[in-house]
Amino acid sequence: QTDDDDSYDVLNWLAACCIYPEIYWDLTLFIGKHLSTPENNLLTADNLTKLMNLKWFQEGKIPNEIRKALLADNELLNKPEQKQIAKAIYKVIEDSIKYSPNPAFRNKERMNILISKIQQSTSKEKQYLVKELKQLYRTNPVEDKEVLALLEEIRHPLMDRFIPKKLNKYLFRD
């Protein structure tokens, strides 16, 4: 493989890490293993160093604008690949939260899964997922910028122009 191939593979891996809203070391390794083939093992010290040198991996979060841009690039990761990787990620996360004694952690990860699913969904699926996220947020409010930004983004923007915010919260409780 050439250096260009290695750089593309790492960029592809980075895009796959954007599927889930937060970055965890174990999840990064899982995604790298998932993307690896017998001919092309991504889990090398060089590739891991490239990812870990990114500020986002040190902070545990890729900015939402960057995540959206990388996921929108179908040459890096097309929609069927995204769905396949997302499905594998959800299974790993759901399996891990089953046994967590920490309810706050379980709820936070459920919200992350819903955020990821909302960003990957069709408009028909999105309605149901948004409703589920709102219900989970109401019972377990968190100070998470990602959740709050998504809930703000999916409000009724057209109605906001005509209805005062104080009244809006009573009209749109779903």
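The values are calculated or read from the model by the stated rules, or taken from the named source; none is laboratory data. Since this is a predicted model, take the numbers as computed values, not measurements. Here Cβ is always computed from backbone atoms with ideal geometry, including for glycine, and neighbour counts include all displayed protein chains. Ligands, DNA and RNA are stripped out before the accessible areas are found, and what is left, the full protein with its side chains, is counted by its heavy atoms. Shrake-Rupley method; radii C 1.70, N 1.55, O 1.52, S 1.80 Å.
Among the listed pairs Lys68/Lys134; Lys33/Lys134; Lys33/Lys98; Lys68/Lys98; Lys61/Lys91, a Cα-Cα separation exceeding 26 Å is found for Lys33/Lys134; Lys68/Lys98. Heavy-atom accessible area for Lys91, with the other protein chains in place and a 1.4 Å probe, reaches approximately 120 Å².
By per-residue mean of other Cβ atoms within 10 Å, what is the highest-first order of 75-81, 25-31?
Working: 75-81: 13.7, 25-31: 15.7.
By packing density, highest mean first, the sequence is 25-31, 75-81.
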